[in-house]
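This is the structure I have questions about; it appears just below.
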Amino acid sequence: MFKLIMRRKRRCRYAHVKRHKRKKENNVEEDKISKLPDDVLVFILSFMTMKEAARTSVLSRRWRKVWAFIPSLNFDAPNKLDQEVSLYANPRGLKLVHAARLRHINWINRVLESYQGSTIDKFRVQFDLDENNKHDLDRWVNFASEKKVKELVMDLNKVGGISQDHKYTFPLFCNSVRRLPDFSSLRTLLLKGVNVSGDGIDYLLSSCMYLGQLYVLGSMSLVDLKVDGQSLSLKHLKIKYCRNLESIYISATNLLSFKYSGRPQVSFGNVPNLVELRCGDKYGEYITWNFLQLRNIAFQLETLTLNVYHVQETSVVYFPVLTHLKKLRLFVVSDDDERLLALASSLIEASPSLHKFVLVELMLDHGWSLHQNATRLCLMLGVQVSVVYLCKTTGTV
């Protein structure tokens, strides 16, 4: 009897050990991802949002600090916050906005305090902030500078396109130690709804030897812009909605594309590699009827976009030969098919290498005759044509 009891105990103990071993093996199989190298785990987390990546810290001790090394920090406002901001026309909306803004700011500060990476590739803030949040915004810019950021995006536009009276000014000095921020590793800079002066841009261009893309939208302190330097790495420049901007001078040998909406005071120096030009607002209107001013660079353009709000009553429009132009976009508002067709015809005939012509028109009182005429002309010249009509009242296609 004693032997039988002991035999049963041994069997139970063996079965328990076997079950425990099987369970342990299953757990090991289920958690193989934790065995991956840190670099691989960080790469996986880089495809998540910041909040999703931060939540992985609760999985285990192994995951506690992995998220704090991801190279791209994206602090876009959540959709819920966008909805709350859209309500700020009433007192209740203002309270919601203030509370939501404070929560989001505090969360960003906590993330930056916990971050352990030595460098970052991208730092992005897309949020409804202004000069009242200068202290926190300065800290974030300085943080990005200290981490040798390569791509910096500051999109502080008001939701709904409402203008800001107190826009945040991009800092030229770090408030703590009164020294110039180090953006020597910067490749891309986008400032939207942020004030930056011409001197500030000049400093950035001269000190950021790798800066290849610069976008400035909605700066109210930009008055005169000078982009001049044979050693500049700048390849893409975009300036829009800077209402106080009075003059622009560009002389940059590496510049490939220039997109501008504003006043017509633009002059070009040495831009031998410029192949893409987009002209909007008053400049687009002006340069269309004075295109001969661009005769020194017209022959090298490959992509051209013109925004024309009104087709002038003129019988002849002169364009220099656009030798290498392959893609032409024309955004127009017109109530006269004949004048618009004359303009389009002049442009197309001046472009012997044209492959594609895109016409976007705000419809007024006429029908589809322009579509038919433009299509017929392009087919005769062997050009691919795309005509889009926008409704005057709704603005939809």
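Of all the residues that make up region 230-247, how many are modelled with pLDDT under 95, more than 17 Å from LYS150 (Cα to Cα) and surrounded by 16 or more Cβ atoms within 10 Å (Cβ to Cβ)?
4
Something else about it: Could you check region 134-163 and list, in sequence order, the residues that are modelled with pLDDT under 90 and open to solvent by less than 20 Å² (accessible area, probe 1.4 Å)?
Result: LEU156, single match.
Could you please find all residues in region 287-297 being more than 15 Å from LEU330 (Cβ to Cβ) and either part of a helix (DSSP H, G or I) or charged (D, E, K, R) (or both)?
Listed by number, the residues that qualify are LEU292, GLN293, LEU294, ARG295, ASN296, ILE297.
Taking the criterion of being over 25 Å from the mean Cα position of the chain (by Cα), open to solvent by 30 Å² or more (accessible area, probe 1.4 Å) and modelled with pLDDT of 90 or more, would at least one residue in region 298-316 satisfy it?
There is at least one residue in region 298-316 that is over 25 Å from the mean Cα position of the chain (by Cα), open to solvent by 30 Å² or more (accessible area, probe 1.4 Å) and modelled with pLDDT of 90 or more.
In the set LYS122, LYS148, which member is of a type outside the set (Phe, Trp, Tyr) and on the phi > 0 side of the Ramachandran plot?
One residue alone meets the criteria, LYS148.
Which numbered condition trips up LEU222, out of (1) out of contact with any Gly (no Cβ under 9 Å at 6 or more places or on another chain); (2) crowded, with 16+ Cβ neighbours inside 10 Å; (3) in a loop (DSSP other than H, G, I, E, B); (4) not small (Gly, Ala, Ser)?
(1)
The values are calculated or read from the model by the stated rules, or taken from the named source; none is laboratory data. None of the values given here were measured: they were computed from a predicted structure. Heads up, the Cβs are rebuilt from the backbone with ideal geometry, glycines too, and the neighbour counts pull from every protein chain shown. Each accessible area value is taken on the protein alone, full model and side chains, heavy atoms only, with ligands, DNA and RNA left out. Shrake-Rupley method; radii C 1.70, N 1.55, O 1.52, S 1.80 Å.
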